[in-house]
Amino acid sequence: MNLNPNQLTDYANTFITVLIDYSPKVISAFVILFVGLYAIRLINRFIRKLMIKRDLDPTLTKFLADILLWVLRILLFVTFLEKLGVGITSFVAILGAMGLAVGLSLQGSLSNFAGGMLIILFKPFKVNDTIEAQGVTGTVSEIQIFVTKLITANNQTIFVPNGSLSNGNIINYSLQKIRRADLTIAISYDTDIKKVKEIITAILKNNPKVLQTPVAEVSVKNLTDNAIQLAVRPWANNEDYGNVFSETLESCKQAFDTAGIVIQPYVRESSQDNS
């Protein structure tokens, strides 16, 4: 197709006219965009400092600040499109449909998100607490929005989904300052129970890690077909619990050997059918 000079001139004039008429909208839209981004950054920084000053939970502070940041960015983007003259009604409808589709496809993630909010708000545990939940035990390293990060005693990292974590049972070993160790020691029926209890009581009193209050308990727990089971229940501070547990067992074994007391081995009862 051949264009004559008059047509080229008409096209150029039309382009210049449209550019002159539309340039104020473009300039104002980009001014709003850049000023808005700068203002959002200042607002977000101010909100973070305010929440830190109010001693809010660090995880909650980060989450609320991020939510505010993205809400303001979305509002700014919609304002930017409107200033350019783009119809936002259809855009909002498409955005809503996309949000619904994403929500349906990410139901599990939304459940974890809601669980993370519940954990952050109600605080059944906090960072550095030792908890047992969903079949695992570890120290809470980080509470994220979708998962909680645990570090086990053998230094393994476990990520537990917040949805199942918030809906299940949680044992928080750090919530109370002290903890009781529950040990079971089995002795034969030929053994003097009183003598054994005196030995165990002396061991617990001589261990500085065992608390004197509450008083440790040594009592008969059960009488089985082959052994007398004694319940040994010393109290200790959380940080000494593991040592008290193992040291009590070791000291009892050494003292029993010295006194000639034999620890009765565990025997599994076998069931017989009488036919």
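I'd like to verify a number: residues in segment 7-45 that are farther than 22 Å from Leu84 by Cβ and either charged (D, E, K, R) or modelled with pLDDT of 70 or more (or both), how many?
Residues in segment 7-45 being farther than 22 Å from Leu84 by Cβ and either charged (D, E, K, R) or modelled with pLDDT of 70 or more (or both): 6 in total.
Within segment 120-134, does at least one residue satisfy the condition of being over 30 Å from Cys252 (Cβ atoms) and part of a strand (DSSP E or B)?
Yes, some residue in segment 120-134 is over 30 Å from Cys252 (Cβ atoms) and part of a strand (DSSP E or B).
Filter segment 195-223 down to the residues that are in contact with a helix residue (DSSP H, G or I) (Cβ under 8 Å, 6 or more places away or on another chain), surrounded by 14 or more Cβ atoms within 10 Å (Cβ to Cβ) and not hydrophobic (A, V, I, L, M, F, W, C), then identify the one that is nearest to Asp129 (Cα to Cα).
Checked segment 195-223; the qualifying residue nearest to Asp129 (Cα to Cα) is Lys209.
Is at least one residue of segment 117-128 buried (at least 17 other Cβ atoms within 10 Å of the Cβ), within 13 Å of Ser164 (Cβ to Cβ) and of a type in the set (A, V, I, L, M, F, W, C)?
The answer is yes; a qualifying residue exists.
I'm checking my understanding of the structure. Among residues of segment 224-264 that are part of a helix (DSSP H, G or I), polar (S, T, N, Q) and out of contact with any Leu (no Cβ under 7 Å at 6 or more places or on another chain), which one is surrounded by the fewest Cβ atoms within 10 Å (Cβ to Cβ)?
It comes out as Thr258.
Report yes if some residue within segment 179-194 is in a loop (DSSP other than H, G, I, E, B), loosely packed, with under 15 Cβ neighbours inside 10 Å, hydroxyl-bearing (Ser, Thr, Tyr) and not assigned by TED's automatic domain parsing to the domain that holds Ala133; otherwise report no.
Within segment 179-194, one or more residues are in a loop (DSSP other than H, G, I, E, B), loosely packed, with under 15 Cβ neighbours inside 10 Å, hydroxyl-bearing (Ser, Thr, Tyr) and not assigned by TED's automatic domain parsing to the domain that holds Ala133.
Within segment 135-176, which residues are crowded, with 16+ Cβ neighbours inside 10 Å, touching an Asp or Glu at 6+ places or on another chain (Cβ under 8 Å) and part of a loop (DSSP other than H, G, I, E, B)?
Correct list: Ser174 only.
Does Leu69 count as at pLDDT 70 or above and part of a helix (DSSP H, G or I)?
For Leu69, the condition - at pLDDT 70 or above and part of a helix (DSSP H, G or I) - is met.
The values are calculated or read from the model by the stated rules, or taken from the named source; none is laboratory data. Note that this is a predicted model, so its numbers are computed, not measured. Backbone-built Cβ (ideal geometry, glycine too); neighbour counts: all protein chains shown.
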